[in-house]
Amino acid sequence: MTKKMSKKKIFCIFYPDLIDKTKTPSCSLTVYEDNRDFSILKFHAGPPYEDIALKIVTEEWDKSPEHEFRCHIQNGVFQLWLHFRKQKYRR
C-alpha cells in the first residue's frame, strides 16, 4: 500500500510599510545555474523592502482548479500557495 503525499508550499511575506500601495509585489522563478535540480524563487516588493530569494527544488507547479493556486496580497501580506505535480511512480 502506498501513501499519497501532497507536495504543497505556502509562502507568506509581510509587507506592512509599502511606500507605493498601488504596486503589487511580484515573484519570479529562474533555474539555478550551478545545479538544474534547483530553482531560485525571488520576491520583489520595492522600497523600503529588499528582495527575498529562496532556493527550491525544480518541479512543475500544478495550477489546476482543484489545487488551490494563490498569488495575491491582502492587508499587507503577500501569499503564494504552490502545489507541485505528482510524479508518477513506475517500477
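To make sure I understand, if each residue's beta carbon is the centre and we count other beta carbons within 10 Å, what order do ASP34, ASP17 fall in, fewest to most?
The order, fewest Cβ neighbours first, is ASP34, ASP17.
Starting from the amide H of PHE38, placed 1.01 Å from N in the peptide plane, find each other amide H under 5 Å away whose residue is 5 or more places distant or on another chain.
The list, which skips near neighbours in sequence, is TYR32, THR58.
Could you give each residue of region 36-43 its phi-based ³J(HN,Hα) in whole Hz, using Karplus coefficients 6.51, -1.76, 1.60 with θ = phi - 60°, and x for Gly or Pro?
6, 7, 10, 10, 10, 9, 10, 9
Throughout, read-outs are computed from the coordinates displayed, never taken from laboratory work. Quick caveat, the model's predicted, so the values are computed rather than measured. Glycine gets a Cβ as well: all are built from the backbone with ideal geometry, and neighbour counts include every protein chain shown.
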